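Take a look at the structure below.
The values are calculated or read from the model by the stated rules, or taken from the named source; none is laboratory data. Here the structure is a predicted model, which is why all the values come from computation and not from measurement. Here Cβ is always computed from backbone atoms with ideal geometry, including for glycine, and neighbour counts include all displayed protein chains. Surface areas here come from the heavy atoms of the whole protein model, side chains and all, with no ligands, DNA or RNA. Shrake-Rupley method; radii C 1.70, N 1.55, O 1.52, S 1.80 Å.
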Amino acid sequence: MEKNKETLKNAVGRLPQYLPEDAVWEGLEAILKQEDQLRRAIRELPAYAPSGVVWDSIQTELDRKPASRRLRMLSSWRIPAAAAALLLLFLGYRFFSADIPQTELVYSTETVDLSLFAYDWDQDEPAILDLLTFAKESLLAKNDPLFHSLLKELEELDEAKSEVKTMIDRYGIDGELVLKLSKIERERTSIIKEMAAFI
Amino acid sequence: MKNTLFFFLACALLFGVQETAAQVTIFQVVTKRIEKTFNYRDGYEVNIEGEKAEVQVETWEKNEIGIQLDLISKHPDKKIAERDLAAIKYLAERIKNKIYVRNYISTEEGAPKPEAHLSAKYIIKLPKDCPVYLKNYFGIAKVSDLSNRLRVNSEFSRIGLQNLKGIIDVKTRFGDLQGRHLDGIMAINSRRSDIVLRDLKGKLDIEAFYGTIELFEFEGISHLNILAEKTDIFLFDSNLQAYGYSLTSNFGKIDYPGDLRFKVLEPSENLKKIEFKPSKEFYPNITITISFGDVHLEKEKKKAKP
C-alpha cells in the first residue's frame, strides 16, 4: 500500500499533459486492425491430428542411444566455426574490394584551333640534308673539332625531334608537343647556321 | 554612299569571323576516371611512371595512398574518342613494399591505330614521409610537401617542386625544372633543360649540360656545387658576401658586383679562376666549374617570403 498516496497523486496531477495528434491514433488503429485480421486468419486455419504411428516414431527416436562425444563436440563447434567462416568471408570481401578501383566515365567538349598545328616541321629537311652533305665534304670541316662537336649536337637534336614526332604519332598533336618541337627546331637552326660557315 | 561602305565593311567583318570560326574544331572529350586507395606502411615507396601525363603528387594526413587517374581521349567524333580510350592502359598495384602506378598505350593486334588525342592525368595523395620515385616521359610533374625522399627521372617534361625536404634527386632531359622552398640533400642532373630554383636550404649539387641555371635566395644553403657545360648560370642573393667562392670558367665570363672583393687567380682570356673567402670562421661554399658558358652573380633585394 502506498504510504504517500496523496502526495504522489498531486505530483502526478502536476505533470505536463500532452494530447497526441490524430494521426497517431489512426496509426495505432490501423495496426490493431491488422493484428485482428491476422488472429482471425489463424483461427480459420485447418487443424490436423497426427496418427498414432507418428507419435510412436517420435518415441523410438527419443529412446535411441545418444550421439557419440565426438559428434556432440563437433556440433558444439558448428556455431563458432560458421561465425569464423562468415568473418573470414567479410574480411576477404573488404580486402579484395579495396583492391578493385572505382571507375567512371565523364563526357565534355573543348574547342581547339587545329590550324595552329600544321605539320610543317619537315619542310626544310631536304635543304638541311644538302647543306650537311656539302659541309661534310669540306676539308675545313673535316679537320675542325668544332664541326664534329656540332655534328654530335645535331645528332642529339635529330634524335629528340624524332622522339617528339613519335609521340605526336602515338598520342596526337597538342600545344605542349608543338612547343617542344619548336624549341628543338630553333636549336637545330642555330647549329646548322654554324655548320654552314664551314662550306 | 555611306550605307554602301557600311554594307561592304559588315560583309568583310562577317566573312572574317566565318574564316576564323572555320578554324575552330569542337572536340568530344571522354575521360575515364579511376580511383584507388592503398594502405600505407613505413617502408613503402610509390613508383609512378607517366607517359604523356600530368602528374600531381601532394600530401595528406591520412595513412593511405590515394590515386586518382584520368585517362583522356579527345576527338571531334565521340565514337572514335570512346573507341580510342581503350588504347590507354593503366596499372595500379602493390608488389611487396612498392606501389606501382603507370599508364601506357597498347592496342590489340589488328585493332586500328588510335586517331584520338590521348593523355593521362594523375592526382596522387600520400603521407608526407612516403618516398616517391617519379618517371615521366613527355608531360608535366608537380610535387609538393614531401619530407623523405624524392627521385625524379624526366624526359621532355616540365617539373615543378615545392616545399620539399629530405633527399631530392632529379634527372631531366629536354625538360624544365622549377623549384621553391627546397631543403635537404639535393642532386640535379640536367641535359638541355632550364633550371630555376628559389629559397634553398641544405646541400645542392648540379650537373648541367646545355641550358640555363637560375638560383634565387639560397641563404640557407650549406654547400653549392655546380659543374656545367654550355650552360649559363645566374645566382641572385641578397647576401652574396656571406659565401666562400671557387669559380672556374673555360671560354666564358664571370660577372659579379664590384663590392665583392674576389681574388682573381687565373686572369687569362679563356680560363678564369676566382676565389673568395668571407672573414668569418664558418661559411657556406659555392663551387662552380663551367665551360662554354657564363656565370653571373647579382645582389637581389630580400623579398618578403610568401
#### Entry: Meets criteria (touching a residue at least 12 places away in the same chain (Cβ under 8 Å), of a type in the set (A, V, I, L, M, F, W, C), more than 10 Å from chain A (Cβ to nearest Cβ) and within 29 Å of residue A:117 (Cβ to Cβ)) for residue B:48
yes
### Task
For segment B:66-81, state whether one or more residues are open to solvent by less than 80 Å² (accessible area, probe 1.4 Å), in contact (Cβ under 8 Å) with a residue 60 or more places away in the chain, more than 9 Å from chain A (Cβ to nearest Cβ) and of a type outside the set (A, V, I, L, M).
yes
### Task
Mind listing whichever residues of segment B:150-173 are over 13 Å from the mean Cα position of the chain (by Cα) and among the small types (Gly, Ala, Ser)?
B:166
### Query
Which of the residues spanning segment A:154-172 are out of contact with any strand residue (DSSP E or B) (no Cβ under 8 Å at 6 or more places or on another chain), open to solvent by 30 Å² or more (accessible area, probe 1.4 Å) and closer than 30 Å to residue B:74 by Cα?
A:158, A:159, A:162, A:165, A:166, A:169
### Query
If only one of B:231, B:248 is touching a Lys or Arg at 6+ places or on another chain (Cβ under 8 Å), assigned to a strand (DSSP E or B) and either touching a residue at least 40 places away in the same chain (Cβ under 8 Å) or more than 19 Å from residue B:189 (Cβ to Cβ) (or both), which one is it?
B:248
### Query
Do you know which residues across segment B:178-207 are within 20 Å of residue A:186 (Cα to Cα) and not basic (Lys, Arg)?
B:190, B:193, B:194, B:195
### Query
For segment A:105-115, does any single residue satisfy the condition of being more than 13 Å from chain B (Cβ to nearest Cβ) and open to solvent by 70 Å² or more (accessible area, probe 1.4 Å)?
no
### Query
If the Cβ limit is 7 Å and pairs must be 6+ apart or interchain, which residue in segment A:170-185 that is of a type in the set (Gly, Ala, Ser) pairs with which residue that is open to solvent by less than 10 Å² (accessible area, probe 1.4 Å)?
A:172/B:116; A:172/B:118
### Summary
Looking across segment B:1-53 at residues that are assigned to a strand (DSSP E or B) and more than 28 Å from the chain's Cα centre (by Cα), the single one that is modelled with the lowest pLDDT is B:24
### Message
Residue under question is residue A:142, and the condition is that it be over 51 Å from the mean Cα position of the chain (by Cα) and either more than 21 Å from residue B:172 (Cβ to Cβ) or modelled with pLDDT of 90 or more (or both); does it hold?
### Response
yes
### Task
Determine which member of the set A:132, A:181, A:151 is in a helix (DSSP H, G or I) and open to solvent by 30 Å² or more (accessible area, probe 1.4 Å).
A:151
### Message
Give all pairs with beta carbons closer than 7 Å in which a residue from segment B:279-291 that is within 19 Å of residue B:211 (Cβ to Cβ) meets a residue that is charged (D, E, K, R) and in a strand (DSSP E or B); count only pairs at least 6 apart in sequence or on separate chains.
### Response
B:291/B:229
